[in-house]
Amino acid sequence: MSAASRIRANARFSRLLNPCLRRTIPPAAAFFAGKRIILLNYSEKAAIFDRRILVHYTMSELKLERCIVSACLTGLCTRYDGRSKPDAHCLAMLRHSCWLPVCPEQLGGLPTPRPPADLTGSGAEVLAGRAAVVTKAGADVTRQFIAGAAAVLQIAQAQNIRLALLKARSPSCGLTPQPGVTAALLLAHGIEVIEL
């Protein structure tokens, strides 16, 4: 990559590196491997930003364990209330991994912030059409939750990811007291889910 190309690429991605603008990251996503910031789009191309040099890789060329992680656990402001919920234990687990932050609710088309929602059954029952996801005001957001879960599964399968670190007590990502919609779909497709 020429110096001029690097400058153009760095300018293009600079807003994604600004912590104040992290909500604008999807459909590209930022994740971290050691001290490097990796920008990834879901078509497999990745860019590693290190010492102001942008180099293109694919995830298969990055010889590190891969996983997806709830974006709010990494410090991204994707929670329903527009805040983040960074988890030190999660970040420590990810230190030497290639990881991709996902927010199923955003991927399903819901805004941030958004009204909190609850399941009327388990995530598996929602996927089977026997339960719903409803906001506190009574709005049905089942379609968006299912679409977001499908998008997360598609990302995991496209990148051959077999592990998901997901936010506890979430109608999308939680495992207890019952699996959320995304957690249920990933488990049904053989992807290991760890709740944090």
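Bear in mind these aren't lab numbers, they're just calculated from the coordinates by the rules spelled out. Model, not experiment: these values are computed from the prediction. We place every Cβ from the backbone using ideal geometry, glycine too, and count neighbours over all the protein chains shown.
A few notes on this one:
- Evaluating 6.51 cos²θ - 1.76 cosθ + 1.60 at θ = phi - 60° for every residue in region 167-184, the Karplus couplings come out as 6, 5, 6, 10, x, 8, 9, x, 10, 10, x, 8, x, x, 5, 5, 4, 5 Hz, glycine and proline recorded as x.
- Couplings for region 107-113, taken from phi via the Karplus curve 6.51 cos²θ - 1.76 cosθ + 1.60 with θ = phi - 60°, read 5, x, x, 7, x, 10, x Hz in order; Gly and Pro are left as x.
- Positive-end residue of Gly129, Leu94, Val152, charge dipole of region 90-169 with Cβ unit charges: Leu94
- Rounded to the nearest 20 debye, the dipole magnitude of region 106-196 is 140 debye, with +1 charges on Lys and Arg beta carbons, -1 on Asp and Glu beta carbons, and the Cα centre as origin.
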